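Here the structure is laid out as structure tokens; the discussion comes afterwards.
Bear in mind these aren't lab numbers, they're just calculated from the coordinates by the rules spelled out. Everything numeric in this text was worked out from a predicted model, so none of it was measured. So basically every Cβ, Gly included, is an ideal-geometry build from the backbone, and we count neighbours across all protein chains shown.
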Ligand code: FEO
């Protein structure tokens, strides 16, 4: 395994682990601030990020590299509102998309087409995640401070969480 690629994959593994913890922190905030549906949705998303991390760990190990774990910074635990939570989710997903794209670019520069091919799954996943989070954020913005509307969105998030199967690696 090319050392530059190995190091970049390890960096991405760290980012996926951080994403999982960030969404866990957001799920806890939602659960303790009266948004049970949003909390279920984010707990489920925490598992998805864990799956993203595990998938990359297995790939790296199987290709002759070695996955590394690093210290992680503490994720934010205070949020202004549900809108603030999902605005940050979207912002974070955009950051992850940029990171995956850079990683893909590196595999092309280094002519590691196998890893480039492996990363295609993440590229597609990022398109879906950004689109989903952007839709949720738009709905939250639309209802504004309307309590009934917010209640409805929370129920919708609960339904989305139940509809998603638990991810497996
Ligand atoms: Fe692992 Fe939500 O990107």
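Which value in nm describes the separation of the simple spin-label points at residue 61 and residue 139, placed 7 Å from the Cα toward the beta carbon?
3.7
Expressed in nm to one decimal, what extension gain is obtained for the pair residue 95 and residue 151 from 0.36 nm per residue of sequence separation less their Cα-Cα distance?
Details: separation 56, 0.36 × 56 = 20.16 nm, distance 2.94 nm.
Full extension of this stretch gives 17.2 nm more.
Could you list log10 I(q)/I(0) for region 1-97 at q = 0.16, 0.17, 0.21, 0.22 Å⁻¹, which the Debye formula gives when each Cα is one point scatterer?
Summing over Cα pairs of region 1-97 leads to -0.68, -0.74, -0.99, -1.05.
Between residue 108 and residue 121, with labels modelled 7 Å along Cα→Cβ, what's the label distance in nm to one decimal, could you check?
2.2
Just how many % of Cα pairs in the chain lie over 26 Å apart, if you round to the nearest whole percent? Intermediate values should be presented prior to the final figure.
Numbers: 4513 of 14196 pairs.
In whole percent, the share of Cα-Cα pairs in the chain beyond 26 Å is 32.
Sticking with the crude label model, points 7 Å out along Cα→Cβ, report the distance from residue 74 to residue 132 in nm, one decimal please.
Distance between label points: 2.9 nm.
Arranged by the count of other C-beta atoms within 10 angstrom, fewest first, what order do 1, 133 take? Could you put the intermediate results ahead of the total?
Numbers: 1 17, 133 20.
If I rank by nearby Cβ atoms, fewest first, I get 1, 133.
Can you tell me the order of 46-52, 32-38 when each peptide is scored by its average per-residue count of other Cβ atoms within 10 angstrom, highest first? The partial results should precede the final answer.
Details: 46-52: 19.7, 32-38: 17.4.
Listed from highest to lowest mean packing, they are 46-52, 32-38.
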